Amino acid sequence: MQMAGLVSPQTFDAYKQAAGIAGNIFAFGLFVSPIPTFKRIIRNKSTEQFSGIPYIYSLLNCLICAWYGCPLISYDNLLVTTVNSIGAVFQLSYTLIFITHADKHKKFKMSALLLGVFGLFAIIAFASLLVTEFKIRHLLIGYLSCATLISMFASPLSIMNLVIQTKSVEFMPFYLSLSTFLMSTSFLLYGVFNIDPFIYVPNGIGTILGIGQLGLYFYYNDKSKQGTKEPLIGSLA
């Protein structure tokens, strides 16, 4: 890629840093979006039909991506580490709240999964440090972080399908979709400026899916206001 030759190195780096900082800011909107759900859980002292799996998986994703951004794994990607470290704190907090208010069966299952996440991450981090060649270590963790990011960005496809089936955007909040789009676009640019396919490829996919979500929202928004709202069964996250 010859993009760096079109502008001065200082300007190029400034663009990259600005995109990374913007991504960190927009990601905050995603991290706080489950707060209403957990206010309800705390208020009712029950997890009801909510699932804790998405928060467990998001925690693992954040840990792996934060590790990828570390200087031990990749060059000049600290803004990736910061955003995912903050995300990991949020996801861990949500998971602990869920475990606290879950029934005995869910409590045991979620506790086991939480220990499994930390155990798996410890194995990944330790094993990667055993790889002495930096380039190979970078590629291994890069492919892993890329795969987890793509799977995370693909998770709203079920909600998009629900919107199409019900012709209602009731279960696809606008600001959540907007935050996903803005964060993905910011890190897409950050990855391009940093010439890092492990960042710009998954976030490019996230940007496309974000556009799809926003398109569905605007298309079905008026119809949702006029139609009858149908209850969501088994899809509460």
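The values are calculated or read from the model by the stated rules, or taken from the named source; none is laboratory data. No experiment lies behind these values; they were computed from the predicted model shown. Cβ sites come from the backbone with ideal geometry, for glycine too, and all protein chains shown count toward neighbours. Side chains included, ligands, DNA and RNA excluded: accessible areas come from the protein's heavy atoms. Shrake-Rupley method; radii C 1.70, N 1.55, O 1.52, S 1.80 Å.
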Quiz item: Taking segment 92-106 as the search range and keeping residues that are in contact with a Ser or Thr (Cβ under 8 Å, 6 or more places away or on another chain) and of a type in the set (D, E, K, R), which one is farthest from residue 62 (Cα to Cα)?
Solution: 103
Practice problem: Output the residue which, of all residues in segment 15-56 that are assigned to a helix (DSSP H, G or I), closer than 19 Å to residue 101 by Cα and aromatic (Phe, Trp, Tyr), is farthest from the chain's Cα centre (by Cα). | Solution: 38
Quiz item: If you go through segment 151-195, how many residues are buried (at least 16 other Cβ atoms within 10 Å of the Cβ), part of a loop (DSSP other than H, G, I, E, B) and among the aliphatic types (A, V, I, L, M)?
Solution: 2
Quiz item: In this structure, is residue 218 of a type in the set (Phe, Trp, Tyr), open to solvent by 30 Å² or more (accessible area, probe 1.4 Å) and under 21 Å from residue 20 (Cβ atoms)?
Solution: no
Practice problem: Taking the options 218, 193, 174, name whichever one is at pLDDT 85 or above and touching a helix residue (DSSP H, G or I) at 6+ places or on another chain (Cβ under 7 Å). | Solution: 193
Quiz item: Which of the following residues is without any contact (Cβ under 8 Å) to a residue 24 or more places away in the chain, in a helix (DSSP H, G or I) and of a type in the set (Val, Ile, Thr): 117, 89?
Solution: 89
Self-check item: Answer residue from segment 36-73, given it is in contact with a Gly (Cβ under 9 Å, 6 or more places away or on another chain) and at pLDDT below 90 and is farthest from residue 115 (Cα to Cα) among those
Solution: 49
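Listed here are the residues, each with its yes/no results for (1) under 19 Å from residue 199 (Cα atoms); (2) touching a Leu at 6+ places or on another chain (Cβ under 6 Å); (3) buried (at least 19 other Cβ atoms within 10 Å of the Cβ).
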site: 68; (1), (2), (3): yes, no, yes
site: 84; (1), (2), (3): yes, no, yes
site: 96; (1), (2), (3): no, no, no
site: 134; (1), (2), (3): yes, no, no
